[in-house]
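Report on the structure given below.
The values are calculated or read from the model by the stated rules, or taken from the named source; none is laboratory data. All values reported here derive from a predicted model rather than from experimental measurement. Heads up, the Cβs are rebuilt from the backbone with ideal geometry, glycines too, and the neighbour counts pull from every protein chain shown. Ligands, DNA and RNA are excluded from the accessible area calculation, which covers all protein heavy atoms including side chains. Shrake-Rupley method; radii C 1.70, N 1.55, O 1.52, S 1.80 Å.
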Amino acid sequence: MRKTTLIRSAAVLAAAGLMSACALLSSPDPIQMYRFGVAAQALPADPIASPVQVTLRRVEFPESARGDRLLGITGTEAAYIGGARWVSPAADLYSESLEVAFAGQARRVRLIGPRELTRGDSSLDIDVRTFETRYDSPGGVPSVVIAARTRLMALPERTVEAERTFTVVQPARANTISAIVEAYDLASRDLNGQIVAWTDQAAGN
């Protein structure tokens, strides 16, 4: 009798172990990957022959938004949006989109990216203060809000030549991940276009 009980206990433990293994090997909930700011930009129609060389310093992002998760804010509550990730950290995607915008839109400025060794006449410092999906009420249709402080610094003194804060609010079409990602794409393009135009004017004076 005791031997039979031990055999049954062993069988139960083996089955439990098999179920645990199956649980560990089960597929997690799917996560869709997204990006923004990748649309090709048209070449400038009439660039000047000797543009001002401007070095782009590393773009600063708030810690809560610089990674690959989409940040949602409702009142005083913050949470990451489930089921979606950026393909790269948001700070990297934004920096890439900004370089593309300068390459396609700037007339007076040539932006020197972080991977180049050329030293510029000025540096462009961008501190993104807000990069979030903002809800007025739980479950409502959100807006994407991006705010950035930009400073054009003379080199090598690093004195401030010009400074401005930009804020873009882009309503989403619906409270869906695809509509929110579309709003991020539109908002980042809008912000980049404003920064390019401002830098062109400030550096050309």
Selection count, the range 162-185, where residues are at pLDDT 95 or above, in a strand (DSSP E or B) and among the aliphatic types (A, V, I, L, M): 2
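Each row is one residue, and each column tells you yes or no for (1) surrounded by 16 or more Cβ atoms within 10 Å (Cβ to Cβ); (2) within 29 Å of Arg69 (Cα to Cα); (3) touching a residue at least 40 places away in the same chain (Cβ under 8 Å).
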site	(1), (2), (3)
Pro114	no, yes, yes
Pro156	no, no, no
Ile180	yes, yes, yes
Ala203	yes, no, yes
Given (1) open to solvent by less than 60 Å² (accessible area, probe 1.4 Å); (2) acidic (Asp, Glu); (3) in a strand (DSSP E or B), number of the condition Glu99 does not satisfy: (3)
Failed item, numbered, when Trp198 is tested on (1) open to solvent by 40 Å² or more (accessible area, probe 1.4 Å); (2) under 21 Å from Arg107 (Cβ atoms); (3) assigned to a helix (DSSP H, G or I): (1)
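If you check Glu161, Glu132, Glu96, which single one turns out to be without any contact (Cβ under 8 Å) to a residue 60 or more places away in the chain, more than 15 Å from Thr199 (Cα to Cα) and not basic (Lys, Arg)? Write out each step before concluding.
Working: Glu161 fails: more than 15 Å from Thr199 (Cα to Cα); Glu132 fails: without any contact (Cβ under 8 Å) to a residue 60 or more places away in the chain.
Every option except Glu96 fails the conditions.
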Within the range 51-76, considering residues that are out of contact with any helix residue (DSSP H, G or I) (no Cβ under 9 Å at 6 or more places or on another chain) and open to solvent by 70 Å² or more (accessible area, probe 1.4 Å), the one farthest from Ala172 (Cα to Cα): Arg57
Among (1) open to solvent by less than 70 Å² (accessible area, probe 1.4 Å); (2) assigned to a loop (DSSP other than H, G, I, E, B), the one test that Ala79 misses: (2)
For Ala91: the one exception among (1) under 23 Å from Val181 (Cα atoms); (2) more than 17 Å from the chain's Cα centre (by Cα): (2)
Which numbered condition Asp185 fails, given (1) buried (at least 18 other Cβ atoms within 10 Å of the Cβ); (2) charged (D, E, K, R); (3) more than 15 Å from Leu70 (Cα to Cα): (3)
Failed condition for Val144, given (1) part of a loop (DSSP other than H, G, I, E, B); (2) in contact with a strand residue (DSSP E or B) (Cβ under 8 Å, 6 or more places away or on another chain): (1)
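Out of the range 134-154, which residues are small (Gly, Ala, Ser), closer than 21 Å to Glu77 by Cα and surrounded by 13 or more Cβ atoms within 10 Å (Cβ to Cβ)?
Result: Ser143, Ala147.
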Top-ranked residue of the range 27-77 - restricted to ones that are among the polar types (S, T, N, Q) and within 28 Å of Leu152 (Cβ to Cβ), ranked as modelled with the highest pLDDT: Ser64
Residue list for the range 82-94, restricted to those being assigned to a loop (DSSP other than H, G, I, E, B) and over 18 Å from Arg134 (Cβ atoms): Gly83, Val87, Ser88, Pro89
